[in-house]
Amino acid sequence: MFKEYRKEIEWGGRTLVLETGKIARQASGAVMATYGETKVLCTVVAEKTAQPDADFFPLSVHYQEKTYAAGRIPGGFFKREGRPSEKETLTSRLIDRPIRPLFAKGFKNEVQVICTVMQHDMENDPDIISMIGTSAALCISGAPFMGPIGGARVGRIDGEYVLNPLLDQMADSDLDLVVAGTKEGVLMVESEAAELSEDVMLGAVSFGHNAFQPVIKAIIEMAESCAREPMDVPGAPEGVDDVKAKVKKLAEAGMRDAYKISDKMARQNAVAAVKESTTAAIREEFDAALVGQVLGDAFKSLEKNIVRHSILETGIRIDGRDTKTVRPIITEVGILPRSHGSALFTRGETQSIGVATLGTGSDEQIIDALEGSYRSHFMLHYNFPPYSVGEAGRFGATGRREIGHGKLAWRAIHPVLPSKEEFPYTIRVVSEITESNGSSSMATVCSTSLALMDAGVPLKRPVAGIAMGLIKEDVGVAVLSDILGDEDHLGDMDFKVAGTEQGITSLQMDIKITSITSEIMKTALAQAKDGRIHILGEMGHTIEHNRETVAATAPRIETFKINKDKIRDVIGAGGKVIREICETTGAKIDLDDDGTVKVAAVDADAMQRAIDWVKGIVAEPEVGAIYTGKVVKIMDFGAFVNFMGPRDGLVHISELANRRVDKVTDVIEEGQTIKVKLIGIDDRGKVKLSMKVVDQETGKEIVPEKKDD
């Protein structure tokens, strides 16, 4: 049982509080983390029994936002929180990535982390607080966690780095960077930037790493005071060295030959054949339980040693490239002529089809966040079907990985998009990964940029992305450009950089070791820039900038403003007027609260009819002007004519014809369309119309003949 403990520090101009021992006491570790007035309950449960046959560490992280944290009741029929939102999924991944590498090797007990946002002050984003609270909860849980980690958000306002900027400050920041790591080094970076230089990004990472050191110190002091007894980590089973030695003896030569094959599928088949024959021999000689526990690690260790040392010794990679060369690139646009914009991007054995669709304001995504509902006019969705890696796998709901990769590409493209005022379309891009061997998220960045330019979206500049890798051993270091899947799996770093020729728009880094120096990061960023510029050059051979017009199949959008007081007239009671305009003309109309009107239609005539209709409704009547109107009501003394939107005017019986009229119905009837001249508006706003002064055939005013003197 934990004793109650509270640790409080001043950090980034606000108070950070870590409390334990009072809430969720049956969890292995529980910390209520408070920053400002945002509170997150972070809990850890580490099972007491291991899963020795598991070929991965069974860690799961769940971040959840409760609407009561912001004093709101959930929408929908059930009035309770449903499946995780995109923000919840992305934050779960954000927490998972830096903590996963820090568990003791060989620890196979299931660990579950749950972070619950219990209070939101609308100023401090709960994601950083959740990461810190999770780190503290792990350190006191007794689980073999080689932490603690710290985390921080870094903004940049007026050229100065800002630690943990408030939510409303982010609008003025040209950088949104999250960095996490240990006292010794950085483990994870996630960012979006406004075409910033490599030096600025590296400076932000260093700034954040230095800034969270007081947090790490506070967590250590907490753990020293109230941590549970550490759990036992099972040692290597007896005979493991014998199995590994046998695997090396039987498989090393075949593995070396297999990893000389440059084609991915052929290489995988060769590796699988070596593993199959070796496994059969191993199972005949050793206990089945022992083989099940160590065989996977033995193969991975052998593969890692072969690939890594070969690259360090020769400078030549699996597919025959040197460390800096980018695989051959092929790009095409307009591959789906009926879509609004499309592109095919192929880099080696990685391929993405990007498809852009342009919509109207009614297609915007409504996001119901703790901070309140808001609309997004740019969506990027990434799909990774199993056939892209030659497998028959699970196919169904979007997974966490797909959401994460899509968001990374979204961050890369978002800074170069035009504003809604410049380009009033809702934009959706779908990236279909059709082949994968290397970074499909960076291929998505490239295909998205090409598809948007093909769709006529005026990007500031084209964007490209590249994935970097690292191999670091005592004998040397190699930074790899445009890594393969095997190099990612067997390397020490996954470093993805996207941007334009002028600077970085997104950077994501996951480091599997803790001894990455600033010099290595600087080298990787410089090498990534060279690769990015090369890829942009290859893309430019196909399309250099956006097309001048949107596709013929895309809607045309015209934007104009009306007086805010006239909005209700355009909408009508219960939406009757605007619905009639849309149904009659076939156009779509979006009305903003500031009086901005967006009219969209594929057909130009339909658009113009809708524009004229709206402008007719909001136009002010002008004395002396001639209008076409409809007789809506007949009285003994005249007729009421609807001549301008909802506006009616009276044609007195004396103004119907240039003769004496006994009955109004002798001249006109209800429902008839007539042409009238506005001859006056009295002090009460009543409109007076005349029919007799307008030629009903031509619509021109009848000029009285002059009489001779």
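Among the criteria (1) charged (D, E, K, R); (2) buried (at least 16 other Cβ atoms within 10 Å of the Cβ); (3) part of a helix (DSSP H, G or I); (4) over 27 Å from the mean Cα position of the chain (by Cα), the one ARG532 does not fulfil is (4). Considering region 424-446, the residues that are of a type in the set (Ser, Thr, Tyr) and over 22 Å from PRO386 (Cβ atoms) include one that is surrounded by the fewest Cβ atoms within 10 Å (Cβ to Cβ), namely THR426. Filtering region 31-38 for residues that are in contact (Cβ under 8 Å) with a residue 24 or more places away in the chain, touching a Ser or Thr at 6+ places or on another chain (Cβ under 6 Å) and either among the β-branched types (Val, Ile, Thr) or assigned to a strand (DSSP E or B) (or both) leaves a non-empty set.
To keep it simple, each residue is scored yes or no on (1) surrounded by fewer than 24 Cβ atoms within 10 Å (Cβ to Cβ); (2) at pLDDT 95 or above; (3) closer than 17 Å to SER92 by Cβ.
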position	(1), (2), (3)
THR134	no, yes, yes
ALA137	no, yes, yes
PRO148	no, yes, no
ILE157	yes, yes, no
LEU163	yes, yes, no
LEU166	yes, yes, no
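Are any of the residues in region 484-496 within 24 Å of ASP174 (Cα to Cα), buried (at least 24 other Cβ atoms within 10 Å of the Cβ), in contact with a strand residue (DSSP E or B) (Cβ under 6 Å, 6 or more places away or on another chain) and in contact (Cβ under 8 Å) with a residue 24 or more places away in the chain? Yes - at least one qualifying residue is present in region 484-496.
Look at region 117-131: where a residue is part of a strand (DSSP E or B) and a partner is of a type in the set (Gly, Ala, Ser), sitting 6+ places away or on another chain with Cβ atoms under 6 Å, you get VAL117/ALA69; MET118/ALA69; GLN119/ALA69. Only a single item in (1) touching a Pro at 6+ places or on another chain (Cβ under 9 Å); (2) crowded, with 19+ Cβ neighbours inside 10 Å; (3) more than 30 Å from THR553 (Cβ to Cβ) is not met by LYS677, and it is number (1). Among the residues making up region 659-672, those that are surrounded by 11 or more Cβ atoms within 10 Å (Cβ to Cβ) and of a type outside the set (A, V, I, L, M, F, W, C) are THR665, ASP666, GLU669, GLU670, GLN672.
Would you please name the residue that is modelled with the highest pLDDT, looking only at residues in region 105-115 that are surrounded by fewer than 19 Cβ atoms within 10 Å (Cβ to Cβ) and part of a strand (DSSP E or B)? Step through it out loud before you land on a result.
In the first step, residues of region 105-115 are kept if they are surrounded by fewer than 19 Cβ atoms within 10 Å (Cβ to Cβ); the result is 105-106, 110, 112.
Then keep just the ones that are part of a strand (DSSP E or B); that gives 110, 112.
Numbers: GLU110: 94, GLN112: 97.
Per the criteria, the residue is GLN112.
Taken over region 1-26, the criterion of being in contact with a helix residue (DSSP H, G or I) (Cβ under 8 Å, 6 or more places away or on another chain) and either without any contact (Cβ under 8 Å) to a residue 40 or more places away in the chain or in a strand (DSSP E or B) (or both) is satisfied by TYR5, LYS7, ILE9, TRP11, LEU16, LEU18, THR20. Can you find even one residue in region 8-19 that is surrounded by fewer than 17 Cβ atoms within 10 Å (Cβ to Cβ) and touching a Pro at 6+ places or on another chain (Cβ under 8 Å)? Taking every residue of region 8-19 in turn, at least one turns out to be surrounded by fewer than 17 Cβ atoms within 10 Å (Cβ to Cβ) and touching a Pro at 6+ places or on another chain (Cβ under 8 Å). Summed over region 280-290, residues that are crowded, with 16+ Cβ neighbours inside 10 Å and free of Cβ contacts under 8 Å to residues at least 40 places away in the same chain total 1.
Taken together, GLY465, GLY456 contain a single residue that is crowded, with 18+ Cβ neighbours inside 10 Å, part of a loop (DSSP other than H, G, I, E, B) and at pLDDT 95 or above, which is GLY456.
Summed over region 234-259, the residues that are touching a residue at least 12 places away in the same chain (Cβ under 8 Å) and under 22 Å from VAL307 (Cα atoms) give a count of 14.
Checking each residue in region 603-639 for being loosely packed, with under 14 Cβ neighbours inside 10 Å and in a loop (DSSP other than H, G, I, E, B) picks out ASP603, GLU620, GLU622, VAL623, GLY624, ALA625, ASP636, PHE637.
Kindly establish whether ALA298 is surrounded by fewer than 19 Cβ atoms within 10 Å (Cβ to Cβ) and assigned to a helix (DSSP H, G or I). No, not satisfied. Among the residues making up region 390-405, those that are assigned to a loop (DSSP other than H, G, I, E, B), among the hydrophobic types (A, V, I, L, M, F, W, C) and at pLDDT 85 or above are ALA392, PHE395.
The values are calculated or read from the model by the stated rules, or taken from the named source; none is laboratory data. All figures in this text were calculated on a predicted structure; none of them were measured in a lab. Here the Cβ is made from the backbone with ideal geometry for all residues, glycine too, and neighbour counts use every protein chain on show.
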